[in-house]
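Structure record follows, encoded as structure tokens.
The values are calculated or read from the model by the stated rules, or taken from the named source; none is laboratory data. Remember, it's a predicted structure, so these values are computed and weren't measured experimentally. Here the Cβ positions follow ideal geometry from the backbone for every residue, glycine too, while neighbour counts run over all protein chains shown.
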Amino acid sequence: MQHDTSFTDQAFKVVGTRVNRPDGVDKVTGRARYGADAFAPGQLVGLVLRSPHAHATIKSIDTSAAEALPGVKAVLTADDLPENETNKGMMDILENCMARGRALYDGHAVAAVAAIDNQTARKALKLIKVDYELLPHVTDVDAAMQPGAPIVQPTVLDRETKEPTNVSRVSEFGHGDIDAGFAEADVIVEKSYKTEQTHQGYIEPHACLASLGPDGSGEMWVTTQGHFVFRNICAALLGLDIAKLKVTASEIGGGFGGKTHVWAEPLALAMSRKCNRPVKLVMTRDEVFRATGPTCSTSVDVKIGAKKDGTITAAYAALRYQNGAFQATWGMLGAMTSFACYDLANVKTVGYDVIVNRPKVAAYRAPSAPMAAFGVESTMDLVAAEIGMDAVDFRIKNAAKEGTRASYGPTYGPIGIGPTLDAAKNHAHMKAPLGKNQGRGMACGFWFNFGGQTCTDINIGIDGSITLTVGTVDVGGSRASLSLIAAEELGVAYETIKASVADTTSLGHNDMTEGSRGTFSSGMATIFAARNTIEVLKERAAKMWDIPVEEVAWEDGEASPVGDQHSNLTPLSLKEIAAKSPNTGGPIAGHNEVVADGAGVSFASHICDVEVDPETGSTRVIRYTVIQDAGKAIHPDYVEGQFQGGAAQGIGWALNEEYIYGDDGTLQNAGFLDYRIPVCSDLPFIDTQILEIPNPNHPYGVRGVGETSIVPPLAAIGNAVSNAAGVRMTHVPMSPPRILKAIEDAS
Amino acid sequence: MAVLVSTTVNGDPVEFACPEDETLLDSLRNRAGLTGVKEGCGTGDCGACSITLDGRLICSCLVLGVEANGREVGTVEGLSDGSNLHPLQEQFIEHAALQCGVCTPGFLVAANALLTRNPDPDEQEIRYALAGNLCRCTGYDKIVRAVQAAAAEMRG
């Protein structure tokens, strides 16, 4: 059934309230089961051997000693993962899961074992002999673009010269004439920036329990942001029928984009198939850092021209993003998001996607946008200072609005950048006094948001309680928000609903929980599944009353007869209708499948105060405010939680987190001691302000809220630190040594 | 060589045999069946495996299973009094102090250790007491508020 997805300005009864989440008790008692918390009879321990080299030819792998060790049940190399009909177009994914003749980065998997226990598996790894021949490597994005740089993927050719290159893609966006625009400008500021590579840093390492028989049937328990997509990819990589692989998503201990990609899961399945035993494979933190996740490091040039009255006449950015050892389009995304906050007559961005000897880059919360925003929003402050205009007023003057043609192409509908800037200007934070060595900064951010394929089931129990079955993994409270939506539609109490994430055999395909789509898309499918359920409930009531269904209305959780002729009939509650369902047609259910188009773009403005110690270069965030457009906050607690969590990740990125590579191309800080994410004592309370500018393409006006919050912090803190220290910071993270050096260089 | 360990976990007598080099974290998870104790790093940096050993807050990944012999282990599974949740557990739910929840058991054990020795901590004391526990989802805001609320509730 087709449904109208347009926003209707309805009044809500339960949506927008701060109810307790349904999985709360499980999660505070230790009962909730995550990726590593499943066990199967006869399970083996799977471990992966990883390359200690940044770039090497694998001349040979001798697994004979490992195979001969008692207790070892399977040893796996790329030879066990042949190219086949179904994985032809996915060899990059398979090669990242396990090296095929070449180790492309420190941590690249080269072999794996499954053994009866951890001790035996560890011994077996040591018995595998790999003969490497080292190749020249490159880990820096700018170095990888230089002529003569070591080539990481020899099959990637320059479009014009046809010579091998590390630049796999060049993408251009924009409109107008930037040369003419810069010629009109009274002031032009041009600046270059760098950002270092960071990891999503989810606390739960990747983990799965895979069981696959020689008949090609199997199942997998896995921590993932999308078990349907994992099923499809693993089946294709290994040549299985999709329907024969049942994948169950565990509770997920954080993902932030890093659990949208398969890493070791295909290896666990392949080893299970090889020895016909369940294989549990749990990564160590070292493996998580070296072989999964990270976002791009970047090098960005920004040029903005403006008139003295504050009108931007032209804007340009060149953005170089390293994608790790495989082709990707993160630089393209950076080029798309760069100037999305502004209404510009002349704009051009060029994104370069670059391959280096580092782990394959994965999505990380609004992927690519924070680094572009760091360059653009830092330059915005410089231009404002140059023309003597307040930084917020300068942004307000140039903010995109409904009807603006976005720098990446589309024309905006109603959007929230202007309102978040107005809210920032008027926020009490802006008037808080600043002390010695303290500075204030602000910045804006944009993210597209995404919809995608989704389906949802509602089943009514004989007692009138309601099962809501969704296929989007709950990464941060979506079972609560979706239950609120089901309760709202059906007109029942929130507590009546039990929301579950179904395994892949129990529901149709659902895309990943990514792109801030969980509450947007599953919310939409839940609304329509509930409305379909109501149609069934009305039919059953009509049957019970023996009147035409057209004469039944649904309101406040009960069926009411319409018309004076039925004044003798009293309304039937959902519970009463459910109790009679065996006699009125059987189980009562509603279903909906949808490609949730029309995700609403999202904007935020952040304000930040820092104190910089000029002696040590250390920075302390003393005040932080997030203002973001949510469209509609279904569960305000978890919307605030997304705002605060993204800000905290951005603060870590801005001030401290970075992958440090040695001259030998190996990662030097693959652990939480040396890759330090913000701890409780590093942060202040993070103030939030939720704005609600409805998304016209969702019945409740929902936009995604999960990602935009990480976009402004790099620049907001950069601007604050620059104001506090009196020097412009252009390199993230702004760690103490970098700040000290900037202060020294300036004096 | 496996070693037989006799210990007390959340007040109950527990026996298991484990290899000499196995961490207490692995023994609790894989032999005692207490998977509320999580491994986030295995190097004592994230606090997801926080437990008490003879009342002292420790990372169970930094202690061997054999070291639990004759001692008292406390985990998140022992926090509630039967079906009555501990005030910290209640306030974590009430304040939405968890998103993914994988760090939550460690935070609850660490916060309980704090409130046991200091029933009225200020914000700074809470933040420093919990600085050994990493949370990547929340930015700690709602966690600190939940601990403040639980402390107030426990003081009565």
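Some points to look at:
- Qualifying position, being within 20 Å of the chain's Cα centre (by Cα) and either small (Gly, Ala, Ser) or crowded, with 24+ Cβ neighbours inside 10 Å (or both), among A:SER560, A:SER618, A:SER602, A:SER567: A:SER602
- Cβ-Cβ under 8 Å pairs, at least 6 apart or on other chains, segment A:270-287 side more than 11 Å from chain B (Cβ to nearest Cβ), far side of a type in the set (Ser, Thr, Tyr): A:SER272/A:SER211; A:ARG277/A:SER211; A:PRO278/A:SER211; A:PRO278/A:SER272; A:VAL279/A:SER211; A:VAL279/A:SER272
- Of the set (1) under 30 Å from B:VAL102 (Cα atoms); (2) surrounded by 21 or more Cβ atoms within 10 Å (Cβ to Cβ); (3) outside the structural domain of A:SER521 (by TED's automatic domain parsing), all apply to A:THR17 but (2).
- Filtering segment A:632-660 to residues that are more than 7 Å from chain B (Cβ to nearest Cβ), within 16 Å of the chain's Cα centre (by Cα) and farther than 19 Å from A:PHE603 by Cβ leaves only A:TRP653.
- Residue match in segment A:631-641 (condition: at pLDDT 95 or above and under 30 Å from A:THR139 (Cα atoms)): no
- The lone exception for A:GLY403 - which of (1) part of a loop (DSSP other than H, G, I, E, B); (2) touching a Phe, Trp or Tyr at 6+ places or on another chain (Cβ under 8 Å); (3) crowded, with 24+ Cβ neighbours inside 10 Å it fails: (3)
- Lone unmet requirement of (1) within 30 Å of A:PRO733 (Cβ to Cβ); (2) not in a helix (DSSP H, G or I) for A:ALA143: (2)
- Annotation: of all residues in segment A:536-553 being free of Cβ contacts under 8 Å to residues at least 24 places away in the same chain and not aliphatic (A, V, I, L, M), the one that is surrounded by the most Cβ atoms within 10 Å (Cβ to Cβ) is A:LYS538.
- Any chance B:ALA68 is out of contact with any Cys (no Cβ under 6 Å at 6 or more places or on another chain), more than 11 Å from chain A (Cβ to nearest Cβ) and buried (at least 18 other Cβ atoms within 10 Å of the Cβ): yes
- Hey, A:GLN628 over 22 Å from A:LYS436 (Cα atoms), more than 12 Å from every other protein chain (Cβ to nearest Cβ) and of a type in the set (S, T, N, Q) or not: yes
Conditions tested, residue by residue: (1) facing chain A (nearest Cβ under 9 Å); (2) of a type in the set (D, E, K, R).
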residue	(1), (2)
B:GLU22	yes, yes
B:VAL37	yes, no
B:CYS46	yes, no
B:CYS49	no, no
B:GLY55	no, no
B:LEU62	no, no
B:LEU85	yes, no
B:GLU90	yes, yes
B:HIS95	yes, no
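- Contact map, segment A:721-747: residues that are in a loop (DSSP other than H, G, I, E, B) paired with residues that are surrounded by 18 or more Cβ atoms within 10 Å (Cβ to Cβ) and among the aromatic types (Phe, Trp, Tyr), Cβ distance under 6 Å, separation 6+ or inter-chain. Pairs shown: A:THR730/A:TYR193.
- Any chance A:LEU490 is hydrophobic (A, V, I, L, M, F, W, C), within 32 Å of the chain's Cα centre (by Cα) and closer than 25 Å to A:THR248 by Cβ: no
- Restricting attention to segment A:71-87, the residues that are loosely packed, with under 14 Cβ neighbours inside 10 Å and in contact with a helix residue (DSSP H, G or I) (Cβ under 9 Å, 6 or more places away or on another chain) add up to 2.
- Enumeration of residues in segment A:478-493 that are more than 14 Å from chain B (Cβ to nearest Cβ) and in a helix (DSSP H, G or I): A:LEU482, A:SER483, A:ILE485, A:ALA486, A:ALA487, A:GLU488, A:GLU489, A:LEU490
- The numbered conditions (1) over 22 Å from A:ASP381 (Cβ atoms); (2) more than 14 Å from chain B (Cβ to nearest Cβ) are all true for A:PRO678 except (2).
- Lone qualifier among B:ALA113, B:ALA131 - being facing another protein chain (nearest Cβ under 10 Å) and of a type in the set (A, V, I, L, M): B:ALA131
- A:ARG703 being among the basic types (Lys, Arg), crowded, with 21+ Cβ neighbours inside 10 Å and not in a helix (DSSP H, G or I): yes
- In segment B:24-35, residue surrounded by the fewest Cβ atoms within 10 Å (Cβ to Cβ) [restricted to those that are assigned to a loop (DSSP other than H, G, I, E, B) and more than 8 Å from every other protein chain (Cβ to nearest Cβ)]: B:GLY33
- For segment A:554-573, a residue qualifies if it is under 15 Å from A:LEU537 (Cβ atoms) and not aliphatic (A, V, I, L, M), and the qualifying residues are A:TRP554, A:GLU555, A:ASP556, A:GLY557, A:GLU558, A:SER560, A:PRO561, A:PRO571, A:SER573.
Here's the yes/no breakdown for (1) more than 30 Å from A:ALA54 (Cα to Cα); (2) over 30 Å from the mean Cα position of the chain (by Cα):
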{"residue": "A:ARG273", "(1), (2)": "yes, yes"}
{"residue": "A:LEU281", "(1), (2)": "no, no"}
{"residue": "A:ASP286", "(1), (2)": "no, no"}
{"residue": "A:ARG290", "(1), (2)": "no, no"}
{"residue": "A:GLY293", "(1), (2)": "no, no"}
{"residue": "A:SER297", "(1), (2)": "no, no"}
{"residue": "A:VAL300", "(1), (2)": "no, no"}
{"residue": "A:TYR316", "(1), (2)": "yes, no"}
{"residue": "A:GLN322", "(1), (2)": "no, no"}
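- Residue in segment A:189-206 that is farthest from A:GLY293 (Cα to Cα), counting only those that are surrounded by 24 or more Cβ atoms within 10 Å (Cβ to Cβ) and either charged (D, E, K, R) or more than 18 Å from the chain's Cα centre (by Cα) (or both): A:TYR193
- Apart from one condition, A:ALA362 fits all of (1) crowded, with 21+ Cβ neighbours inside 10 Å; (2) free of Cβ contacts under 8 Å to residues at least 40 places away in the same chain; the exception is (2).
- Residue in segment A:462-477 that is of a type outside the set (Val, Ile, Thr), away from every other protein chain (no Cβ under 14 Å), in a strand (DSSP E or B) and surrounded by fewer than 24 Cβ atoms within 10 Å (Cβ to Cβ) present: no
- Number of the condition not met by A:LEU574 [criteria: (1) crowded, with 24+ Cβ neighbours inside 10 Å; (2) under 34 Å from the mean Cα position of the chain (by Cα); (3) of a type outside the set (Lys, Arg)]: (2)
- Of the candidates A:ILE252, A:ILE304, the single residue that is of a type in the set (Val, Ile, Thr) and within 14 Å of another protein chain (Cβ to nearest Cβ) is A:ILE252.
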